[in-house]
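The values are calculated or read from the model by the stated rules, or taken from the named source; none is laboratory data. Note that this is a predicted model, so its numbers are computed, not measured. Ideal geometry is used to build each Cβ from the backbone, glycine not excepted, and the neighbour counts take in all protein chains shown. Accessible surface is based on the protein model in full, side chains and every heavy atom, while ligands, DNA and RNA are left aside. Shrake-Rupley method; radii C 1.70, N 1.55, O 1.52, S 1.80 Å.
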Amino acid sequence: MRSRVPRTGLSHLLDHEDPEVRALAAADPTLGRAPVELLTDPDDRVRRAAAANPLFTGEALEALLHDPATAEGAAANPGLPAPRLHALLDRAALPR
């Protein structure tokens, strides 16, 4: 990614033909609403970016963690509470 590319104000790009552009738009925390429509996008990068959007919280975020198509993005969501993230890491049985 280029550092000069804006990260906000990208709602007009949510339906762009290029999946990289949709993914960038899906990550915009200023959309005003969570990008639900992009959770079923054919491109996995777009689904991951959408699930990582901090506008998803609570039960919606928990549901994304249980869906294999969005779990990776949801685990990277900055709105994921620390205890839940620690529980995920414990379940992953990563080497210490």
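If you go through the range 86-93 one residue at a time, do you hit one that is at pLDDT 95 or above and in contact with a helix residue (DSSP H, G or I) (Cβ under 7 Å, 6 or more places away or on another chain)? Within the range 86-93, not a single residue is at pLDDT 95 or above and in contact with a helix residue (DSSP H, G or I) (Cβ under 7 Å, 6 or more places away or on another chain).
How many of the residues in the range 35-45 are assigned to a helix (DSSP H, G or I), more than 14 Å from Pro68 (Cα to Cα) and touching a Leu at 6+ places or on another chain (Cβ under 9 Å)? Please lay out each step first, then the result.
So the first thing to find is which residues in the range 35-45 are assigned to a helix (DSSP H, G or I), and the list is 36-40, 44-45.
Okay, now just the ones that are also more than 14 Å from Pro68 (Cα to Cα), so 36-38.
Filter once more, keeping what is touching a Leu at 6+ places or on another chain (Cβ under 9 Å): 37-38.
The total comes to 2.
Filtered by the rule that a residue be open to solvent by less than 50 Å² (accessible area, probe 1.4 Å), assigned to a helix (DSSP H, G or I) and not small (Gly, Ala, Ser), the range 46-83 gives Val46, Arg47, Leu61, Leu64, Leu65.
Please find, among Leu64, Leu89, Leu94, Leu38, the residue that is more than 20 Å from Val5 (Cα to Cα) and in contact with a Phe, Trp or Tyr (Cβ under 9 Å, 6 or more places away or on another chain). Steps first, please.
On the way: Leu89 fails: in contact with a Phe, Trp or Tyr (Cβ under 9 Å, 6 or more places away or on another chain); Leu94 fails: in contact with a Phe, Trp or Tyr (Cβ under 9 Å, 6 or more places away or on another chain); Leu38 fails: in contact with a Phe, Trp or Tyr (Cβ under 9 Å, 6 or more places away or on another chain).
Exactly one residue qualifies, and that residue is Leu64.
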